[in-house]
Structure formats: C-alpha cells, structure tokens
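These notes concern the structure reproduced below.
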Amino acid sequence: MTVSPQDDAPRWLIPWTLDEGSDRARALFEEAFGGEPEAIVSAPGRITVIGDHTDYTEGLSLAAPVAHRTFVAVRRREDEALRMVSGNPPPGEPERWEGAISALVPGTGIDWPYYASGVVWALTERGYSVTGLDLAIVGCLPLEAGLGASASLTAGVGLACNAVWGLALDGEAGAIELAEAAWDAESAYVGFPCGRLDTHTVLRCAEDEAVMVDFATVPPSLTRYPLYFHDYGLRLLVVDTGARRDDWMDAYARRSRDARLAAQALGVDSLRLLADEPDGVRRLAGIEDPTARRRARHIVTEDRRVADAVAALGGLGPAHDRFTEIGALMLDSHGSLRADYDASTPALDLAVDTAFAAGALGARLAGAGFGGGAIALVRATQAEHIADQVDAMFVARGLPRPTFLLV
C-alpha cells in the first residue's frame with residue numbers, strides 16, 4: 001500500500017559532530033558553573049540489530065553504536081560535592097541537581113541525576129579514590145527510543161570520572177571496568193533489573209562495527225564484525241514513535257521475572273542452554289505457566305536468530321541473499337517480541353509493517369520495546385521514501401508524527 005506523504009518532510013534527527021557536541025557541553029558548563037571544564041567526553045547510543053531481552057538470560061545479542069551521543073563536560077572539585085546540570089532533561093525531571101558523595105544511597109530515585117550519581121557510587125564501591133565533580137550533560141540521542149540513552153549517560157559519566165580522577169581505565173580492560181560500573185549504576189543504584197547489553201556495547205564497540213555479545217560469562221564476551229551495511233548501500237532506519245508506556249519499567253521487570261520462573265520450571269540454570277539443544281523449543285512444553293512458556297519461547301528462538309544473523313553477516317554467500325536473510329530474521333524477531341513477549345505496541349507494529357511494505361528488507365522494534373522506536377534495514381536510496389510512507393501512515397491514523405534517524 002502506498003500512502004501519499006505529507007507536504008512537509010519527515011522530521012530527521014541529525015547527529016551532532018564531536019566539535020558541536022563538545023561546544024554545547026562547554027557552553028552549558030560555563031553557564032552553570034563558571035570557568036572552563038577540565039575535560040569533555042562523549043559516549044554513543046546503542047542499536048540492537050537483533051537480540052533483545054536476552055542479556056539477562058545469559059543469551060546472545062548483535063548490537064552496534066550509533067552516531068548520536070551524550071556529551072559530558074566535567075571539572076574535579078576538592079570537596080565531596082556533586083553538582084550536575086542537564087541541557088535536555090526528560091520531561092518532568094530536574095535540570096539541575098546537587099548532592100554529596102557520602103550521601104549517595106541506592107534506591108533513592110530514578111530520574112537522570114540518579115543514573116549519573118550512581119556511577120560515582122559504583123566507582124566508590126569498587127574502591128576508587130574519588131572527589132566531588134561539576135558535570136554538564138547534553139546530548140542528541142533521543143530519549144526512550146530504544147537506543148540505550150541511559151547507558152550512554154552512565155557511560156559518559158564514567159568516562160568523565162576516568163578523565164579527571166586519573167583512574168587509568170583505558171584499553172579493553174578499562175572499558176570493561178567502566179561498563180560494569182555503569183551497569184551497577186542502573187541495576188544496583190537505581191534498581192532497574194537491566195542486562196549488560198547497553199553499557200558493554202557503548203563502551204566496547206567501535207564505530208562501523210557490530211558486536212555479538214555473549215552473556216554466558218561475566219563480563220560478557222564480544223566477537224567483532226565489520227558492520228558493512230554502508231558498503232552495500234544499506235542503512236538502518238530508526239523510527240522513533242514517541243514516549244514509551246508509562247508502566248514500561250514495571251513491564252520489563254515482570255519479563256525478567258518470568259524468564260527466571262521459566263528456567264526454574266525446567267530445572268536449568270539458564271534458558272540459553274535450550275537454544276543450543278536441537279529439541280530446546282519442544283522442551284518448553286514442560287513449563288506449566290503459559291505466560292512463562294511464551295516468554296521462554298521468545299528468548300530461546302531469539303538466541304537462535306542472533307546466531308543465524310551473525311552467520312549471515314560474516315558469511316561468504318551473495319550479499320543480497322545474506323542481507324535478505326538478516327531482514328527476515330528481524331521480522332521474525334519482531335513477531336516474537338509482539339506475540340510471545342508482549343513488548344510491542346500498535347504504533348511499533350504500524351512502523352514495522354509500513355516500513356516493510358514500503359520496501360525495507362526487514363524491521364523490528366528497537367531495544368526493550370513497550371513503545372519508543374523501531375528499526376528497519378533499508379536500501380539507502382529508499383530511506384526517504386520509506387520514511388515518507390511511515391510518516392504519512394502515522395498521520396492517516398491520527399498518531400503523533402515520528403522522528404527518524406539513520407545508522
């Protein structure tokens with residue numbers, strides 16, 4: 001079905017250059033605190049090509065960084081005060097926050113300042129010598145779009161701490177330590193039961209590469225692959241449909257609990273074990289609770305889809321066949337997330353279905369779901385057309401117009 005696009009073009013979110021982002025962070029710092037920052041660092045967002053809700057079940061994910069980033073300007077203090085300001089806080093959250101390192105207590109809040117201060121807490125818990133900080137945070141990464149905005153924030157703060165405290169957390173070992181501290185900030189300090197996918201991707205994955213992250217070990221192991229979509233005229237089109245469901249954090253926590261219950265019902269340490277067994281899906285019939293059974297089916301089949309997508313990405317067959325296979329796996333992933341994980345929404349389904357009908361090789365919801373964004377594997381020459389079709393369909397359905405970005 002072809003839909004006439006609106007007269008005005010779809011809204012595109014263009015990433016800032018490193019210089020532009022640094023200049024914005026510096027300007028905010030000078031306005032908020034006076035003087036110059038000691039350092040300005042940045043961390044990207046994350047896009048999952050395939051493999052969501054598998055990181056907390058010791059599974060597999062295929063992910064890559066995005067050009068949209070969080071920038072942090074930082075200056076060390078000689079006391080224990082933490083002063084933080086955000087240039088684009090989420091709706092309803094404060095622009096500025098002040099506290100003290102000795103007063104940081106896990107579980108006291110879920111707004112952005114607690115994610116940021118949680119990194120300081122996590123590094124303190126790990127035995128690093130710390131002092132107070134002035135932090136100015138800006139970014140061009142859309143919030144609640146399934147692109148790892150919270151991990152980009154915590155990773156950026158971790159890099160800022162490393163820069164001014166002289167922690168020497170450089171190289172792969174340092175990146176792993178910072179990724180674990182950033183994960184601690186969200187999982188232990190804020191109290192959100194997330195997996196390790198986002199922090200390890202944004203801190204350990206280089207530009208223009210994808211990583212298969214294997215969560216069977218702690219820390220997770222990474223296998224690196226060139227993300228050569230661009231070389232073959234392909235892009236990942238992100239469709240940000242808007243804010244997530246109000247209960248998305250609770251919904252995510254329930255999915256994590258369901259996965260644990262499913263593994264317990266089968267008497268296995270991890271559902272990952274079933275993905276490696278030829279009759280693994282058939283064994284799921286032994287789970288009496290139908291909801292837990294459906295959750296487990298998504299996890300087991302998603303791990304298999306990740307393995308198949310990685311094989312296609314690194315394969316030697318004709319490029320068209322391999323990319324078509326990856327697109328089909330993305331569609332299967334979305335169907336599983338919709339039917340078995342109940343993680344989709346009508347807007348996400350509309351974005352996926354419209355993008356595929358308009359010519360995308362495949363599409364799926366982005367990240368954890370429950371609203372936010374969808375991604376589509378598209379030919380670069382068709383990106384504008386597909387965005388036009390999605391935009392027009394949203395308008396025709398009376399939905400808020402989406403925002404688009406390219407990876």
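Show me 327-336, 246-255 ranked by packing, highest mean number of other Cβ atoms within 10 Å first.
On the way: 327-336: 21.9, 246-255: 16.0.
So the order, starting with the most tightly packed, is 327-336, 246-255.
Rounded if a/c is under 1.5, else prolate if a/b is larger than b/c, else oblate: which is region 254-401, with a ≥ b ≥ c the root eigenvalues of its Cα gyration tensor?
Oblate, because a/c is 1.5 or more while a/b does not exceed b/c.
Net charge within 12 Å of residue 375 by Cβ-Cβ distance, Lys/Arg positive one each and Asp/Glu negative one each, not counting residue 375 itself?
Working: positive: 46, 235, 364; negative: 52, 240.
Around residue 375, the charge tally is +1.
Using only C-alpha positions, report the orientation-averaged shadow area of the convex hull of region 1-134, nm², one decimal.
Working: hull surface 51.6 nm².
That works out to 12.9 nm².
Where nothing but the Cβ of Lys and Arg (+1) and of Asp and Glu (-1) is charged, how large is the charge dipole of the chain around its Cα centre, in debye to the nearest 20?
Working: 36 positive and 58 negative charges, 161 e Å.
For this selection, approximately 780 debye.
How would region 218-323 be classified by its alpha-carbon gyration tensor: rounded, prolate or oblate, with rounded meaning a/c under 1.5 and the a/b versus b/c comparison settling the rest?
On the way: a/c = 2.40, a/b = 1.43, b/c = 1.68.
It comes out oblate by the Cα gyration axes.
Exactly which GluC sites (Glu not before Pro) in region 272-329 are in a DSSP loop and have at most 12 other Cβ atoms within 10 Å?
Values: sites: 288, 302, 325; in loops: 288.
Here the sparse-neighbourhood loop sites are 288.
If one computes the Cα centroid of region 167-185 and of region 295-352, what distance in Å separates the two points?
30 Å
Scan the chain and note any complete DSSP helix (H) whose C-alpha atoms cover at least 18 Å along its axis and whose Kyte-Doolittle average is 0.5 or more. Could the numbers behind the result be given before it?
On the way: long enough: 18-33 (22 Å, -0.57); 112-125 (20 Å, 0.31); 149-165 (24 Å, 1.18); 171-184 (20 Å, 0.11); 248-266 (27 Å, -0.59); 290-313 (34 Å, -0.50); 319-339 (30 Å, -0.14); 383-396 (20 Å, 0.54).
Helix filter hits for the chain: 149-165, 383-396.
Quick one: grab Rg to one decimal and Dmax as a whole number for the chain, Cα atoms only, in Å.
When restricted to the Cα atoms of the chain, Rg and Dmax are 21.0, 64 Å.
Would you mind telling me the share, in percent, of accessible area of region 106-200 contributed by carbon and sulfur at probe 1.4 angstrom? Provide the component values of the computation, followed by the final result.
Details: 1350 of 2600 Å².
Solvent-exposed carbon and sulfur of region 106-200 make up 52 percent of the total.
Summing Lys, Arg as +1 and Asp, Glu as -1, what charge do residues with Cβ under 10 Å from the Cβ of residue 36 carry, residue 36 excluded? Let's see the in-between values first.
Details: positive: 26, 75; negative: 30, 38.
Residues near residue 36 contribute 0 overall.
What does the accessible area per residue of the chain come to in Å², with a 1.4 Å probe and no ligands, DNA or RNA counted? Provide the component values of the computation, followed by the final result.
On the way: 15930 Å² over 407 residues.
With all protein chains present, the chain gives 39 Å² per residue.
What is the sum of charges, Lys and Arg at +1 and Asp and Glu at -1, for the other residues whose Cβ falls under 10 Å from the Cβ of residue 242?
Working: positive: 244, 401; negative: 144, 240.
Its environment carries a net charge of 0.
The values are calculated or read from the model by the stated rules, or taken from the named source; none is laboratory data. Here the structure is a predicted model, which is why all the values come from computation and not from measurement. In this analysis, Cβ positions are derived from the backbone assuming ideal geometry, glycine residues included, and neighbour counts consider all displayed protein chains. Surface accessibility is based on the protein's heavy atoms, side chains included, excluding ligands, DNA and RNA. Shrake-Rupley method; radii C 1.70, N 1.55, O 1.52, S 1.80 Å.
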